[in-house]
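Following: one structure in structure tokens, then a few remarks.
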Amino acid sequence: MDAIIPVNHTNNASPQQTATKADYAIQPYVYASVFSSLCIIVGLIWDISWHMSIGRDGLLAPPHDVVYLGAIISGLFSAYQVLGTTFWGSALEKQSSIKFWGIFYGPLGAMYCIWGAIAMLTSAPFDDWWHNTYGLDVVILSPPHTLLALGIMMIQFGAMVAVLSSTHAAKDGGGAIHKWLFAIASGLLLTSLFTLFSEYMNKARSHSALCYEVGAILFPLFLIAVARAAKMRWAATATAAVYMCVLLLMLWVLPLFHATPRLGPVLNHFDHYQPFHFPLLLVIPALAIDFVFFKFEKLKPFIKVVLAAISFLLLFFIVQWYFGAFLETSPLARGWLFGSYSWYFRANPEWPYRYAFHPDRIDAGITLVKGLMIAGAIAIFTGLVGYKWGGWMKRVQR
């Protein structure tokens with residue numbers, strides 16, 4: 001029960017043809033892990049909108065159910081894969097698997113998914129106890145939410161590793177479905193990373209150097225790793241496109257459903273879900289990473305990473321600076337397409353900076369230049385780390 005299994009061939013094929021032209025089917029746990037990652041993201045964004053629009057929820061609120069469903073599916077399919085290999089797998093299958101705790105055998109991606117599922121399901125009663133004891137969260141990363149976030153990212157990274165091991169084991173290097181499954185798995189993890197740090201990278205922060213410093217920590221690290229690990233020429237761009245598509249669909253679909261606040265005081269009255277943020281336009285700077293990796297393939301890795309990281313940061317800054325201003329200040333951005341009307345039910349709708357940049361969130365002149373120089377240094381460092389990480393993922397075989 002390795003990451004992939006050969007598909008049966010007709011008896012007309014010669015042994016040599018069978019050996020050289022074998023088709024490989026992706027194991028069910030690989031599909032399940034990617035689907036679980038999608039469920040988790042849908043539930044996570046829905047839960048944020050639920051808190052913005054309704055406020056009060058419980059352990060088994062619908063968004064939580066979708067998140068837990070993702071954990072359960074990933075955990076069960078991965079556990080079945082591991083237990084099947086451990087107790088019924090052949091010696092060859094065990095040899096091509098990871099041995100864990102001296103007992104269990106299975107693909108590395110499945111192991112990550114199992115650990116992530118355990119962490120997520122453990123966080124559920126912990127979070128319920130936390131709310132009953134301390135009330136509503138005032139920060140995103142409360143202890144139970146931190147455990148939940150670690151579990152989510154472990155499952156989503158496990159999905160990436162599962163697809164990669166399946167791709168590397170395929171004799172043809174993996175077909176289009178392998179490549180797009182990896183792009184989807186990577187895009188979903190990128191969505192989680194953005195969501196976790198969205199407080200520092202939303203439209204209201206787009207004229208602050210902090211936005212680009214935080215972006216320099218996350219995006220070159222992850223997208224350069226993806227660009228190196230994937231057997232797909234425009235992997236970083238495809239990953240960014242998946243991230244944008246997921247957030248756009250949630251932005252447009254959630255407001256179609258009825259929702260009213262259930263927790264006072266209610267200062268902002270509405271009757272439909274308030275959507276999450278419009279995504280960052282990461283596709284454009286991600287193109288720079290893919291272009292550098294393709295156009296300058298023969299360059300030394302250090303120079304190539306520096307070019308990719310700085311190109312990404314420059315485009316990210318130019319694009320997001322002006323697009324963020326449009327989202328924050330333009331009346332054209334306040335319709336269903338861009339969702340800039342979204343507002344927390346406890347926030348005063350007449351706040352003077354609802355559709356304007358707060359002075360404390362504007363950097364200009366030497367302050368902005370210094371911030372961007374810091375972001376550039378960060379981007380180079382994280383890009384180099386991402387290149388190493390991508391090299392490790394590129395070598396994953398099981």
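Figures for the structure shown
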read-out	value
Sole exception among (1) farther than 27 Å from ALA169 by Cα; (2) open to solvent by less than 30 Å² (accessible area, probe 1.4 Å); (3) under 18 Å from the mean Cα position of the chain (by Cα); (4) not polar (S, T, N, Q) for TRP46, by number	(2)
Single residue of the range 308-326 satisfying the filter (of a type in the set (Gly, Ala, Ser) and within 22 Å of GLY383 (Cα to Cα)) that is surrounded by the fewest Cβ atoms within 10 Å (Cβ to Cβ)	SER311
Filter pass, ALA19 being part of a strand (DSSP E or B) and either among the hydroxyl-bearing types (Ser, Thr, Tyr) or modelled with pLDDT under 85 (or both)	no
Filter result for ILE303 (more than 30 Å from TYR353 (Cβ to Cβ), part of a helix (DSSP H, G or I) and out of contact with any helix residue (DSSP H, G or I) (no Cβ under 9 Å at 6 or more places or on another chain))	yes
Any hit, the range 203-211, residues being at pLDDT below 95 and polar (S, T, N, Q)	no
Helices (runs of 4 or more DSSP H) fully within the range 75-191 counting 2 or more residues that are modelled with pLDDT of 90 or more and crowded, with 20+ Cβ neighbours inside 10 Å	108-134, 143-169
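The values are calculated or read from the model by the stated rules, or taken from the named source; none is laboratory data. These numbers come from a predicted model, not from an experiment. Backbone-built Cβ (ideal geometry, glycine too); neighbour counts: all protein chains shown. The protein model used for the area step is the full one, side chains on, heavy atoms only, and it has no ligands, DNA or RNA in it. Shrake-Rupley method; radii C 1.70, N 1.55, O 1.52, S 1.80 Å.
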